[in-house]
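Here you go, one structure.
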Amino acid sequence: MFQVRFHGRGGQGVVTAAELLAAAAFSEGRYAQAFPSFGSERMGAPVMSFCRIDDRPIRTREPVTEPDALVIQDPTLLHQADVFVGLARGGYVLINATRGFRQLGLDDFAALHIASRLLTVPASSLAMARLGRPLPGAPLLAALAALAGVVSLDAVLAAISERFSGQAAAGNSAAAVAAFDYVLAERKELTGA
């Protein structure tokens, strides 16, 4: 089972991102589950959502406490909450940021993990340029597809097209493709391949 925990703030599409990832996995013939965890339900409040993907039926309904991947949609949460709790050393981390792990003050964290599985992606900027709104969910899902291979880009784009229509679908899809390409380029630069 591959488990993902999303961290963000109310209004950033944290719940929608988990649901889109589940839809993408389901479209590829896998079992998936997505659900949120709310504190105070207001714009800007910290929000978590979860997604599980497996080749077998998923029976558990508990929050994801030991994620295989973390998707952090708001970098202001990095030093306000323990967003990294439970992540294994081999886990994946995607942060919506224009600065790297060092500039974000995460050197100690990064030293304990596999560098090729840690990445920052300017998801809000990619969305703003293509969607006209700084919603990082779709770009981060495509980034996760490129980084971890848990679903394909085609499945992410199909989930976006199923959920949205018109300009919202086109903008989110364009931002997703840009994020996917961004991650592939970053990985190539890191590995030299």
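So if the hydrodynamic radius of segment 1-112 is defined as the Kirkwood radius over C-alpha pairs, what does Stokes-Einstein give as its diffusion coefficient at 20 °C and 1.002 mPa s, in µm² per second? Show your work: numbers first, answer last.
Details: Rh = 14.5 Å.
Rounded to a whole number, D works out at 148 µm²/s.
Right, next: Hey, can you rank 4-10, 52-58 by average C-beta count inside 10 Å, highest first?
Values: 4-10: 23.9, 52-58: 14.6.
Ranking, from highest mean packing down: 4-10, 52-58.
Looking at His79, Ile58, Ala110, which one has the Cα that reaches farthest to the positive end of the dipole of the chain (charges on Cβ: Lys, Arg +1; Asp, Glu -1)?
Comparing the listed Cα positions along the dipole, His79 ranks first.
Separate question: Where nothing but the Cβ of Lys and Arg (+1) and of Asp and Glu (-1) is charged, how large is the charge dipole of the chain around its Cα centre, in debye to the nearest 20?
160
Report, for the chain, the % of DSSP beta bridges that are antiparallel, rounded to 5.
Antiparallel bridges make up about 55 percent of those DSSP assigns within the chain.
On to the next question. Could you pull out every residue, at least 5 positions away or on a different chain, whose amide H is within less than 5 Å of the one on Leu106? Hs are placed 1.01 Å off N in the peptide plane, and Pro or chain starts have none.
Amide H to amide H, under 5 Å and 5 or more residues apart or across chains, Leu106 pairs with nothing.
We did not get these values from a lab; they are worked out from the coordinates using the rules stated. Here the structure is a predicted model, which means the values were calculated and not measured. In this analysis, Cβ positions are derived from the backbone assuming ideal geometry, glycine residues included, and neighbour counts consider all displayed protein chains.
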